[in-house]
Amino acid sequence: MTDAPSIRTPLPGPRASAIIERDRAVVSPSYTRGYPLVVERGEGAAVEDVDGNVFLDCSAGIAVNATGHSHPDVVDAITGQAGRFLHMSGTDFYYEVQVRLAEELAAVVPIAGGVKSFFGNSGTEAVEACLKLARYATGRPGLIAFLGSFHGRTMGSLALTASKAVQRRGFGPMMPGVYHAPYADCYRCPVGLTPDGCAAECLDYIDHQLFLQVVSPDEVAAVVVEPIQGEGGYVVAPDQFLQRLREMTRKHGILLVVDEVQSGMGRTGKMFAIEFSGVEPDAVAIAKGIASGMPLGVASARASLMTWPPGAHASTFGGNPISCAAALATLKLLKERLMANAATVGARLMDGLKELVGKHQLIGDVRGRGLMIGVELVRDRQTKERATAERDAVVNAAFRRGLLVLGAGKNSVRFSPPLVLTAAQADTAVRIFDEALSEVEGRAG
Ligand SMILES: Cc1ncc(COP(=O)(O)O)c(C=O)c1O
């Protein structure tokens, strides 16, 4: 699969079409499939479909396959553990692989003075654990999240999620005690400023309105924030926003929870995106890339906060030994090479995408860190009218040319490739994206 991409059939091919037809009859229609990819196998940053078409993967199963598809070290760790035991419920018994992972996380999570970890199976469970811990540890009910954020779809995390109305529509009433504030989306500044003259004035809303008119700060347990909004459109919060948020939360005894489910595990070139700001959070929600595709969600928190007693919170499958083994192998690869690769190849991909700005009027903004890059498409650079239909068309045109990218937010394209992406593959991704944009802009590719 070194020749990715290589497209041999019209898409979807005959075998893919048959499987999609069967899926339609028996699988929940709530999933958002942007294009008809039916996977047969993956290797590194390449994915082959059931008709023998090979794609260059810049989606990584939604930012999950950090070490690439089926990295041999991760596969060895999984099969080795599977041969020893599959499950023993770390909530009721002990096994070393979970302890080792908690030790490793304590060393990399950017919280000083000791870190303890709670293990679940997904991003939403990691967030739920952070919410429950924050309420338990502070004895306060309130939670603040940001517009545009995505924190998951179970009823606690869904109350924080404010990315797309369809994610909440029909599921109310939401969990009470949750308040939303504007996020530092500097391309569309919620308070009409420009990034150079900004002192994170969007946070004034919390200080001057929420705290004065809606909820007293001493009733707020935590502020939950993505350092880079993922589903919301790969929006990078400036450092001063996160720094001021930390000052504000500290002043009021509010915990700062960072949701690194999408931005964590080396994707940005640092282990966690919050590290760019120098801010020390109180808890971190981790999932997606941590185990290269095995289900695992972790809430890692300041050890002094983890005062909840036995029975307060647990999950039967959480911290499954196979997922823990995959996570240990993943962390080793990230530290040895892949986090650095995300920084260098990410810079190359970013440069390549920025070069397209001069050629394609559709591009409004290119932003990100490492291999977490968003390209926001607009109909008009002055008005910044969102080019949602065009974005969907570009994602599909890229797919037909053999490049897997996903939408994010209403009108952005996200590049979240496996962190094994090579410089040559980054160049190929830029070339195909260029062609896809040309096609949608009505020019020959
Ligand atoms: C920042 C963030 N938090 C939480 C979640 C929820 O993760 P999961 O789908 O594993 O529940 C996601 C998923 O996209 C996410 O991007």
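The values are calculated or read from the model by the stated rules, or taken from the named source; none is laboratory data. Fair warning: this is a prediction, and the values are worked out from it, not measured in the lab. Here Cβ is always computed from backbone atoms with ideal geometry, including for glycine, and neighbour counts include all displayed protein chains. These area figures cover heavy atoms from the full protein model, side chains too; ligands, DNA and RNA do not enter into them. Shrake-Rupley method; radii C 1.70, N 1.55, O 1.52, S 1.80 Å.
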Top-ranked residue in region 255-300 [being near the ligand (Cβ under 10 Å from one of its atoms) and farther than 21 Å from Val223 by Cα; ranked as surrounded by the fewest Cβ atoms within 10 Å (Cβ to Cβ)]: Pro295
Would a scan of region 376-395 turn up a residue that is at negative phi, part of a strand (DSSP E or B) and touching a residue at least 40 places away in the same chain (Cβ under 8 Å)? yes
Report, ordered by the first and then the second residue, all pairs with beta carbons closer than 6 Å, sequence separation of six or more or different chains, a first member in region 316-343 that is surrounded by fewer than 24 Cβ atoms within 10 Å (Cβ to Cβ), and a second member that is in a loop (DSSP other than H, G, I, E, B) and not aliphatic (A, V, I, L, M). Thr316/Ser89; Phe317/Asn121; Pro321/Tyr95; Leu333/Thr67; Met339/Gly266; Ala343/Gly269; Ala343/Gly370
For region 410-436, give me the residue count where each residue is touching a Lys or Arg at 6+ places or on another chain (Cβ under 9 Å), among the small types (Gly, Ala, Ser) and open to solvent by 10 Å² or more (accessible area, probe 1.4 Å). 1
Considering only region 380-412, state which residues are out of contact with any Asp or Glu (no Cβ under 8 Å at 6 or more places or on another chain) and under 19 Å from Ala342 (Cβ atoms). Leu403, Val405, Leu406
Can you confirm whether region 34-55 contains a residue that is free of Cβ contacts under 8 Å to residues at least 60 places away in the same chain and of a type in the set (S, T, N, Q)? no
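Here is a yes/no grid of residues against (1) polar (S, T, N, Q); (2) more than 16 Å from the chain's Cα centre (by Cα); (3) modelled with pLDDT of 95 or more:
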position	(1), (2), (3)
Ala181	no, yes, yes
Pro195	no, yes, no
Val215	no, yes, yes
Ala237	no, no, yes
Met248	no, yes, yes
His252	no, yes, yes
Arg267	no, no, yes
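Within region 132-147, restricting attention to residues that are in a loop (DSSP other than H, G, I, E, B) and under 26 Å from Ser163 (Cα atoms), which residue is nearest to the ligand (Cβ to nearest atom)? So that I can check it myself, show each step before the final result.
Here is the first cut: in region 132-147, the ones in a loop (DSSP other than H, G, I, E, B) are 139-141, 147.
Next, from what is left, pick out any that are under 26 Å from Ser163 (Cα atoms): 140-141, 147.
Details: Arg140: 22, Pro141: 21, Leu147: 14 Å.
By that ranking, first place goes to Leu147.
Determine whether Gly152 is in contact with a helix residue (DSSP H, G or I) (Cβ under 9 Å, 6 or more places away or on another chain), away from the ligand (no atom under 16 Å from the Cβ) and not β-branched (Val, Ile, Thr).
Criteria not met by Gly152.
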So Met372 clears everything in (1) over 19 Å from the mean Cα position of the chain (by Cα); (2) crowded, with 16+ Cβ neighbours inside 10 Å except one condition, right? Which one? (1)
Please state which of the following conditions Leu158 fails to meet, knowing it meets all the rest: (1) open to solvent by 10 Å² or more (accessible area, probe 1.4 Å); (2) free of Cβ contacts under 8 Å to residues at least 60 places away in the same chain. (1)
Identify the single condition in (1) surrounded by fewer than 18 Cβ atoms within 10 Å (Cβ to Cβ); (2) over 18 Å from the mean Cα position of the chain (by Cα); (3) among the charged types (D, E, K, R) that Arg140 does not satisfy, given that it satisfies every other one. (1)
List the number of the failed condition for Phe241; all other conditions in (1) buried (at least 19 other Cβ atoms within 10 Å of the Cβ); (2) within 16 Å of the ligand (Cβ to nearest atom) hold. (2)
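Residue by residue, here is whether (1) basic (Lys, Arg); (2) farther than 18 Å from Met372 by Cα; (3) touching an Asp or Glu at 6+ places or on another chain (Cβ under 7 Å) holds:
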position	(1), (2), (3)
Ala45	no, no, yes
Cys58	no, no, no
Ser70	no, yes, yes
Asp73	no, yes, no
Which condition breaks for Val225 when tested against (1) open to solvent by 20 Å² or more (accessible area, probe 1.4 Å); (2) touching a Leu at 6+ places or on another chain (Cβ under 7 Å)? (1)
